[in-house]
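Inspection log for the structure reproduced underneath, given as structure tokens.
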Amino acid sequence: MTVRFDDSLPALVALVEAEFGASVLDTAVFVRDATGYLSVVVADEVEEDKLAELNKKAATSLGGYARSEDCVRDRRGPGSIRLLSAASSLSRVGVSCRKVLFVDRRMVGADWLLPPRAGSSIPRIAFVSVKGGVGRSTALAVMAAHLSARGLRVLAIDLDLEAPGIGTMLISPDAMPKYGTLDYLVENGISGIDEDFMENTKGWSFLGAGGAQVMVLPAFGSETIAHPAGGLAKIARAYLEDVQLGGESLSLTEQIREMIERFEATGAHDVVLVDGRAGLHETTAAVILGLGAETLFFGIDEPQTFIGYSLLFSHLASRQGVDYENWKQRIQFVHAKASADLQSQVEAAARFNDLMTVLRPEREQNVDEEIPLTADDFDLGWTTTNEDVVAEIVGDEAPIIRILDDDRYHAFDPVRQPALLTSDLFKATFADLLRWADAVAGLDDQT
């Protein structure tokens, strides 16, 4: 049976205990390196033949999680004395009813230097925000319900690994799959992904009972929920590059793209909805630049929104790739929690429209130069009240999708309140978004 992350450290602890006895666990030091491989240093000297035998057993017991060289070493091994000397300052962690000394090494990579990618074979829609709490995941759930009701098979993917939402929004607790996207990104680089693993990441939403099927890849599966102590350790490794057998590395963006393509290749989905992480993390780079998706940038009408997007767009404008113009045509702003007041809508639309000037290559500033931001860049003093201006601002240049502020969706739990995902309730609040989704998905605009 393939060894997965949650079982790897217990397997190594069990091996050491079986070979040396429980007392050795008082002084042995277990190490998980930045890529997830495990090793152990025992405090005593061990015969060379026995060490060789133990390393073979470790490779069998741990599978891909065994460090390739010296998975089991004694005090004479490279770096052993240093680790054993530091043992008194190490924390002990509980593993299978045992307390062991454990070193957990972590690091992350960066994907923001990649050029934007061209479009995909089937519609992909990415949900992005620079701040949390803007209703991004709620909007994805509503869109999934709407497209399902219109007969499209939906694949919804949660890449907000540190604040997951759509899994619990769209999957009943008893239908939660064993694994999620967090597990996929960890296992892809170590134990590998097989068909059995893919089957165990599929969560079937209750939405499918009233329309076309909605399949959800949650961020966390039932295994992580059952083993919460390992969740943060998984997150620390999910963002790493995968090192291939030939020595080449696979970036986080490439891993996410391959994951989505594997599920798309089944032919079981008509549209893919991807929930990105709030902020400017590496997973956000993958969603914005690496998927060839129609991208919805969510924001509330407040200064933090426009400052955050100015930083993001200034970076993107300075690194234009061959598909930059195509990418720019596939971005949309979403004014989340919008007031019904026309004046407020006009002012917000003008601010979102100004963000587009940062992305225009024809602007006077050279995009390769550092452009200092001043207080004038965030002047929020628009006073226009003419309704015609709204139509102009919401034109082809920078179309603004408005989602009205609706307190029924502030504490959003459709598993308990499924009526929240029925058209009669959400069609007024999310009307702009759903018309846009119909156009992207190739549906007519009849409701």
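Some points to look at:
- Region 1-46 shape via C-alpha gyration tensor axes, a/c threshold 1.5: oblate
- The order of the peptides 137-149, 203-215 by mean Cβ neighbours within 10 Å, most packed first, is 137-149, 203-215.
- Rounded Å value of the spacing that divides the Cα centres of region 87-148 and region 1-41: 26
- With both labels modelled 7 Å from their Cα along Cα-to-Cβ, the Lys57 to Ala43 distance reads 2.1 nm.
- Between the Cα long axis of helix 5-20 and the first principal axis of the chain there is an angle of about 10°, rounded to the nearest 10.
- Between Met1 and Thr266, the simple label model (points 7 Å from Cα in the Cβ direction) yields a spacing of 2.3 nm.
- Added length on full extension, which subtracts the Cα-Cα distance from 0.36 nm per residue, Lys50 to Arg105: 17.0 nm
- Ranked order, Lys234, Lys131, Lys99 - accessible area, probe 1.4 Å, largest first: Lys99, Lys131, Lys234
- Entries in Lys178/Lys234; Lys56/Lys99; Lys202/Lys234 that, when Cα-Cα distance is taken, lie over 23 Å: Lys56/Lys99
- Mean residue ellipticity (222 nm) of the chain, computed from DSSP H runs ≥ 4 via -39,500 (n - 2.57), nearest 500: -10500 deg cm²/dmol
- Prolate/oblate/rounded label for region 91-222 (Cα gyration tensor, a/c 1.5): prolate
- Cα gyration tensor shape of region 157-251, rounded if a/c is under 1.5, else prolate or oblate by comparing a/b with b/c: prolate
- Calculated P(r) tail over 26 Å for region 1-142, as whole % of Cα pairs: 41
- DSSP beta bridges fully contained in the chain are about 25 percent antiparallel.
- For q = 0.13 Å⁻¹, Debye-computed log10 I/I(0) when each Cα of the chain counts as one equal scatterer: -1.12
- Helix 431-440 and the long axis of the chain differ in direction by around 70°, with both axes built from C-alpha atoms.
- Modelled FRET efficiency - R0 51 Å, Ser68 with Val415, Cβ distances, 0.05 increments: 0.70
- Computed over neighbours whose Cβ is under 10 Å from that of Ser249, the net charge equals -4, Lys and Arg +1, Asp and Glu -1.
- Taking the empirical scaling 2.2 N^0.38 Å for compact globular proteins as reference, region 227-309 has a Cα radius of gyration ratio of 1.33.
The values are calculated or read from the model by the stated rules, or taken from the named source; none is laboratory data. Since we're looking at a predicted model, the values are computed, not measured. In this analysis, Cβ positions are derived from the backbone assuming ideal geometry, glycine residues included, and neighbour counts consider all displayed protein chains. Surface areas here come from the heavy atoms of the whole protein model, side chains and all, with no ligands, DNA or RNA. Shrake-Rupley method; radii C 1.70, N 1.55, O 1.52, S 1.80 Å.
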